[in-house]
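The values are calculated or read from the model by the stated rules, or taken from the named source; none is laboratory data. Predicted, not measured: the structure shown is a model, and the values here were computed from it. FYI the Cβ positions are ideal-geometry reconstructions off the backbone, even for glycines, and counts take in every protein chain you see. When the accessible area is computed, the model is the full protein with side chains, heavy atoms only, and any ligands, DNA or RNA have been set aside. Shrake-Rupley method; radii C 1.70, N 1.55, O 1.52, S 1.80 Å.
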Amino acid sequence: MLPKPLAWVLLVAQALAPAWSQSSLPSLGDGVEMSISAERQLGDRIARELYRDPDYLDDAILGEYVQDIWQRLMAAARQRGELPPELEERFAWSVVLGRDRSVNAFALPGGYMGVHLGLIAVVSSEDELASVLAHELSHVTQRHIVRIISRQSDQAPWLIGAMILGALAAASNPGAAGAMIVGGQAAAVQGQLNFSRDMEREADRVGYGVLTQAGFDARGFVGMFEKLQQANRFNDTGAFPYLRSHPLTTERIADLQSRQQLQAHAAALPLTMVHAMLAARARMLANPEVDSLRAALQQAQGETIVTMSPVQQAGVFYAAVLGAQGLREFEQAQRWQERLEALVRSDARAASQARLLGVELALAAANPRRASTLLEATATATAAGSGKTATRSLLFLRARAWTQNGQARDAAEQLQIWLASRSRDAQAWQLLSAAYAAQGQTLRAVRAEAEMHAAHLDYAAARDRLRAAQELARQGANVDHIEASIIDTRSRQIELLLREQALER
Ligand SMILES: [Zn+2]
């Protein structure tokens, strides 16, 4: 997620550095554990920088896939009494996707969870992905993060934030990290922030319980463990930075193997249609270069395709659609999408994903009519109960189709309903802004843009957009007075948040 450590850490250090004297630091240390709200503040501070990273990705389809697993695990943790109500209420519980192709996932302070596309692409099932998330979730619920941070009690929170971001950057790019921190501090910084062996074993134990309680197949745990062991054997930590932050110590391996023996009789988990398709999506989004787009098409056209199982074919066809679409060969992309849809017809969840892909393609090809047809089919399937509701991705695709198709008013209405209970959904604000702009409602469009920045905790950018909106309102002839007064109110609130943010340091 953070491929440019040097620039990154410097930028972050500047962005997080206190604007004024050190004396305004909140008391973090003094041997007292950081409070839940202080941990959340630190997490917000780190998340704000991640959202600005060019590799940050809000892909509604993959996001929904990961978020679904995350919600099931959280429900299981709650049932098992592993998730204290105060933690559940105060933390963000938000998954942040990174375009990085390396295999990594990391828990951050305040309930934020980072997942690289490389992890989604390398796992063979939803259950394997869930096993990693369950382990990370357990680091959060067991408050391991705050225990590590408390060891840094003599450091200012902004510096701890910069250290965590620095460690993430180093994990993503070990070569550059060596050059980055003068005097070999990189290893020291990372060492200070690593979980202890006991914490790792605890996260394995608690995570395993949460995983199985959530109804995931325990073989997912075994499968993931085998992948990590194999990478470990080849010392493949470049592609598996996850191994560097979660080393397979002898004790961990012994613990894991004793659990594995319980499963020894079990056969390997079968690859599912939906996972094959979404792993292909992760792979394609992480590798958007022309060569890999072409390679995906070639694989679908190759002779080996007939030797593959239908599930494998589904992954290959899905990748071919994205490959052709990326090359702007829309007719070819549509042919592959139709083949995919025919292939997965009998699997309701996969069929719904194939249609969503078709809608996305139709929008890219500026074919809103086809997009509408596919959206209707999805709505019908959902209503009939034969498909899993893909709420957020479906809403977003529908909003884009409607905005393109002269129904921007309907799009705005649906997005407003969605945002009423999810004001931190930046992409929804962005789509709402586009829907307003399409109707010529400039003032509202600019305000929605401000809300998009606020949702990503970038209050300075939000304030700039609100100022631009106020300027528009002053100059405008037919000003929407209600909207103008909302803008004034939001400006005052955002100013206040900015001042609080400065004081937090
Ligand atoms: Zn761990």
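List of remarks:
- Cα gyration tensor shape for the range 284-386, rounded if a/c is under 1.5, else prolate or oblate: oblate
- Looking at the range 389-497, the accessible area is 50 square angstrom per residue; that uses a 1.4 Å probe and ignores ligands, DNA and RNA.
- The simple Förster model, with R0 at 41 Å and r as the Cβ-Cβ distance, assigns Leu271 and Asp488 a FRET efficiency of 0.15.
- Full extension of the chain between Gln439 and Tyr51 yields a length gain of 136.8 nm, computed as 0.36 nm times the residue separation minus the alpha carbon distance.
- Long-range tail of P(r) for the range 431-505 (Cα pairs > 22 Å, %): 21 percent
- Full-stretch length increase - Gln475, Glu331 - with 0.36 nm per residue and alpha-carbon distance subtracted: 47.2 nm
- Semi-axis lengths, largest first, of the ellipsoid equivalent to the range 229-339 are 35, 19, 11 Å, with √(5λ) applied to each eigenvalue of the Cα gyration tensor.
- Within the accessible area of the range 396-505 (1.4 Å probe), percent carbon and sulfur: 48 percent
- Across the range 102-151, the convex hull enclosing all Cα atoms gives 65 Å³ per residue.
- A simple spin-label model places the labels of Asp464 and Thr249 4.6 nm from each other, with each point 7 Å out along Cα-to-Cβ.
- Here the spin labels are modelled as points 7 Å beyond Cα on the Cα-Cβ line, and at Arg151 and Arg78 they lie 3.3 nm apart.
- Working from label points 7 Å from Cα in the Cα-to-Cβ sense, the Gln312 to Leu496 distance is 6.0 nm.
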